[in-house]
Amino acid sequence: MQVKVKLLEELQCIDLKIDGRQAEKDLLLQQLADLDREIQESRLSLDTLREELAALQGEKEENDKTLATEGDNIVRSEARLHDIKTQKEYQAVLKEVSTAKKVKTELEERMIVKIGEAELLQGKIAEGEQNLALLTGNIGLRKGEVQEKLDKLEAVIAGDQSRREETTAGLTPPLLNRYQMLREKRQGIAVVEARDGSCLGCNMQIPPQMYNNLYKGLELIVCPHCQRMLFIRAAETAA
Ligand SMILES: [Zn+2]
């Protein structure tokens, strides 16, 4: 039985290494996701600017149409002036023309503002595109570095896994299950050393008879306080 506990302790060493490397791997995966998000955010803000520009261009087109209509109206009204017979009608058409001209001027002023806004947006978009290209290049490099670390780590984990398989081959399924459950309940530590009469997992005293049985190594001894599986080091056995 002492041999099996020794094997379990070896397994735990491997599992703790895997746990640590898994956490490291999660961190690297998180870094990759963060880098992707950075690009995504930059792309989204560029899309927003493009949408704003498209909306502005739509408004400009509408304005253009209204301007053309107003222009036509003015030309038509002015042509009518030649055929008018009464003074009253003449005054009315003149008023029409002057109102239409006023509207046209206002529209033209609004167009100038919109053209200015569109130019500003185009500038921002050009700048945003440049920044995105730089960021994509930069992030591509950083992602490459992270990926390289990840590949190395995965190779190490694969090595740990095959060592783990070799180790578990010497253990029975019920013992492995017990080990697994204990690890889940006891912060990853299922097997622990006993020294000077105490369990080093929970630092509680182990009953002397139980401690003596540990030396014999004939049966699996479990700490009565934390239920972890106990073993003693060779030096302790010899002493
Ligand atoms: Zn204990």
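Within region 192-215, the presence of at least one residue that is more than 15 Å from the ligand (Cβ to nearest atom), in contact with a Gly (Cβ under 9 Å, 6 or more places away or on another chain) and without any contact (Cβ under 8 Å) to a residue 24 or more places away in the chain is confirmed. If the condition is being in contact (Cβ under 8 Å) with a residue 40 or more places away in the chain and basic (Lys, Arg), then region 24-45 contributes LYS25, ARG43.
Determine whether region 9-26 contains at least one residue that is in the same structural domain as VAL113 (by TED's automatic domain parsing), over 30 Å from LEU175 (Cβ atoms) and in contact with a Leu (Cβ under 9 Å, 6 or more places away or on another chain). No, region 9-26 contains no residue that is in the same structural domain as VAL113 (by TED's automatic domain parsing), over 30 Å from LEU175 (Cβ atoms) and in contact with a Leu (Cβ under 9 Å, 6 or more places away or on another chain). Does LYS95 count as exposed (fewer than 13 other Cβ atoms within 10 Å of the Cβ) and among the basic types (Lys, Arg)? The answer is yes for LYS95. Considering every residue within region 218-230, establish whether at least one is in contact (Cβ under 8 Å) with a residue 24 or more places away in the chain, closer than 15 Å to LEU7 by Cβ, within 13 Å of the ligand (Cβ to nearest atom) and not in a loop (DSSP other than H, G, I, E, B). Scanning region 218-230, I find at least one residue that is in contact (Cβ under 8 Å) with a residue 24 or more places away in the chain, closer than 15 Å to LEU7 by Cβ, within 13 Å of the ligand (Cβ to nearest atom) and not in a loop (DSSP other than H, G, I, E, B), so the answer is yes.
Per-residue answers, yes or no, for (1) assigned to a helix (DSSP H, G or I); (2) among the aliphatic types (A, V, I, L, M):
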site: ASP15; (1), (2): yes, no
site: ASP19; (1), (2): yes, no
site: LYS25; (1), (2): yes, no
site: ASP34; (1), (2): yes, no
site: LEU46; (1), (2): yes, yes
site: LYS65; (1), (2): yes, no
site: GLY71; (1), (2): yes, no
site: VAL75; (1), (2): yes, yes
site: ILE84; (1), (2): no, yes
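The number of residues in region 203-216 being of a type outside the set (A, V, I, L, M) and closer than 21 Å to LYS6 by Cβ comes to 5. Pairs linking a residue in region 92-110 that is more than 18 Å from GLU62 (Cβ to Cβ) to a residue that is of a type in the set (A, V, I, L, M, F, W, C) and modelled with pLDDT under 90, with Cβ atoms under 7 Å and 6 or more positions apart or on different chains, are VAL93/LEU81; VAL93/ILE84.
Within region 155-167, not a single residue is closer than 20 Å to LYS17 by Cβ, part of a helix (DSSP H, G or I) and within 16 Å of the ligand (Cβ to nearest atom). Hey, any hits in region 132-152 for a residue that's β-branched (Val, Ile, Thr), closer than 30 Å to ILE14 by Cβ and in a helix (DSSP H, G or I)? Checked region 132-152: at least one residue is β-branched (Val, Ile, Thr), closer than 30 Å to ILE14 by Cβ and in a helix (DSSP H, G or I).
The values are calculated or read from the model by the stated rules, or taken from the named source; none is laboratory data. Nothing here was measured: the structure is a model prediction, and the numbers come from that model. As a convention, Cβ positions derive from the backbone with ideal geometry for all residues, glycine included, and neighbour counts pool all protein chains shown.
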